[in-house]
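Reading through the structure tokens given below for one structure.
The values are calculated or read from the model by the stated rules, or taken from the named source; none is laboratory data. None of the values given here were measured: they were computed from a predicted structure. Cβ placement follows ideal geometry from the backbone for every residue including glycine, while neighbour counts extend to all protein chains displayed. Heads up: the accessible areas ignore ligands, DNA and RNA and are worked out on the full protein's heavy atoms, side chains in. Shrake-Rupley method; radii C 1.70, N 1.55, O 1.52, S 1.80 Å.
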Amino acid sequence: MIRLEGVTRRYQSRAGERVALDSVDLHVERGQIFGVVGRSGAGKSTLIRTINRLETPDGGKVFVGDQEITALNPAQLRTARRKIGMIFQHFNLLASKTIEDNVAFPLRLEGRPAAEVKTRTTELLARLGLAEHAKKYPHQLSGGQKQRVGIARALACGPDVLLCDEATSALDPETTEDILGLLEQLNRELGLTIVMITHQMEVVRRVCDRVAVLKDGRIVEQGDTVDVFLRPQHPVTQAMLAESDDGFDDASVPANARVARLVFQGTSTYEPELSRVARTVGVDYSILSGRIARIRGVPCGQLVVAFTDGDADAALKQLAERGVGVETVGGR
Ligand SMILES: Nc1ncnc2c1ncn2[C@@H]1O[C@H](COP(=O)(O)OP(=O)(O)O)[C@@H](O)[C@H]1O
Ligand SMILES: [Mg+2]
């Protein structure tokens, strides 16, 4: 659905040239929810804005559907943009227009007949639970409601793709959850392809099928969300995950222990594999940290365990045979 090939964007400033995107390749399948994460300044906004050409790359190509966005003339670009909706961190609503008029805005811009505008707007407001707010102004709504208006407006022209630039970053955790649930529902019901730019790992964990990690304008890692979360390869990914995770304190590791990270996926998450193996092999262990989370709905568990007595190698071998991911992280 979306393809970036060698996309590069440079900015000139008095301090010299700054490469915001450095030859980025990216491929988003139709119907996917694709996350792009990175620290502030990594180039996330620049990247997402090349998809609807709010930002024109200095090099490389961008395709959406079967169209090369980077090759379109202004009139063609206007038409193509109808199929690409976008929502923003601060909603970007028109303060002097009612909710209804905000949602109707892109349809009027296109010169659609008044009756059609009315029908479509009413339908969108109902779908997004905003019907009762139609005549209000943006300042009368909560953050979550404003983002719903942003989504309704983005959907007005019936897009295939929805671009979300930090769409939940200004919202509290409960409202974030609500908006993510809504995006997931739109993805499912409308087959909408969604690109989510975020610095919040939790957002990726909750809704994204795949994720790319951006650092200094380059993609340093990408893969299925489950794989990236359970086996992060790049230091930036590891650090960002560690911040949203509970690490363990080195000082709490017993002397002479073998420390291993165990990863349980799917149904094995709820099986007592560790205690079974410990009994069979005759090892003692203590748990240094652990958590069970759902990654895009799939249960996944991670335990950091110190084997303090007995044959740790044999125990780890048996765990691996039972489908548990095993990685030694320290100790003897
Ligand atoms: N219009 C601009 N002019 C000059 N530099 C810019 C401009 N937009 C972004 N940059 C620079 O490009 C880099 C990436 O910015 P951005 O894409 O906004 O990152 P992110 O969204 O990941 O925080 C930053 O170093 C930023 O300062
Ligand atoms: Mg940004």
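Restricting attention to region 38-59, the residues that are surrounded by 16 or more Cβ atoms within 10 Å (Cβ to Cβ) and within 16 Å of ligand 2 (Cβ to nearest atom) total 13.
Cβ-Cβ contacts under 7 Å between residues 6 or more apart (or on different chains), taken from a first residue in region 180-191 that is within 14 Å of residue 297 (Cα to Cα) to a second residue that is of a type in the set (Ser, Thr, Tyr), are listed as 180/168. Scanning region 101-135 for residues that are in contact with a Lys or Arg (Cβ under 9 Å, 6 or more places away or on another chain) and among the β-branched types (Val, Ile, Thr), which turns out farthest from residue 149 (Cα to Cα)? Across region 101-135, the extreme among qualifying residues is 117. For region 29-37, the condition of being open to solvent by less than 30 Å² (accessible area, probe 1.4 Å), under 19 Å from residue 87 (Cβ atoms) and within 12 Å of ligand 1 (Cβ to nearest atom) holds for at least one residue. Only one of these is closer than 30 Å to residue 8 by Cα, in the same structural domain as residue 171 (by TED's automatic domain parsing) and modelled with pLDDT under 90: 213, 204, 226, 220. Name it. Result: 226 is the single residue among 213, 204, 226, 220 that is closer than 30 Å to residue 8 by Cα, in the same structural domain as residue 171 (by TED's automatic domain parsing) and modelled with pLDDT under 90.
For region 199-245, filtering for residues that are touching a residue at least 60 places away in the same chain (Cβ under 8 Å), out of contact with any Leu (no Cβ under 6 Å at 6 or more places or on another chain), open to solvent by 40 Å² or more (accessible area, probe 1.4 Å) and in a helix (DSSP H, G or I) leaves 1. Within region 48-66, residues that are under 13 Å from residue 21 (Cα atoms) reach partners that are of a type in the set (A, V, I, L, M) and open to solvent by 40 Å² or more (accessible area, probe 1.4 Å) with beta carbons closer than 8 Å, at six or more positions or on different chains, in the pairs 61/71. Of all the numbered requirements in (1) under 22 Å from residue 191 (Cα atoms); (2) within 16 Å of ligand 2 (Cβ to nearest atom); (3) not in a helix (DSSP H, G or I), residue 62 misses one, and that requirement is (2). Taking the conditions exactly as written (within 30 Å of residue 105 (Cα to Cα) and in the same structural domain as residue 52 (by TED's automatic domain parsing)), does residue 150 satisfy them or not? The answer is yes for residue 150. Taken together, the residues in region 1-10 that are open to solvent by 50 Å² or more (accessible area, probe 1.4 Å) and within 12 Å of ligand 1 (Cβ to nearest atom) amount to 1.
Among the listed residues 90, 133, 139, identify the single one that is in contact (Cβ under 8 Å) with a residue 60 or more places away in the chain and farther than 21 Å from residue 192 by Cα. Unique residue meeting the criteria: 90. Within region 11-23, the set of residues being near ligand 1 (Cβ under 9 Å from one of its atoms) and open to solvent by 40 Å² or more (accessible area, probe 1.4 Å) comprises 11, 12, 13, 18, 19. Looking only at residues of region 132-154 that are part of a helix (DSSP H, G or I) and loosely packed, with under 14 Cβ neighbours inside 10 Å, we find that the one that is farthest from the chain's Cα centre (by Cα) is 132. In a residue-by-residue description of region 173-196, the property of being over 23 Å from residue 157 (Cβ atoms), touching a strand residue (DSSP E or B) at 6+ places or on another chain (Cβ under 8 Å) and within 15 Å of ligand 2 (Cβ to nearest atom) applies to no position. Evaluate the following for residue 236: is it within 16 Å of ligand 1 (Cβ to nearest atom), farther than 17 Å from residue 34 by Cβ and either assigned by TED's automatic domain parsing to the domain that holds residue 302 or in contact with a strand residue (DSSP E or B) (Cβ under 7 Å, 6 or more places away or on another chain) (or both)? When the stated conditions are applied, residue 236 passes them.
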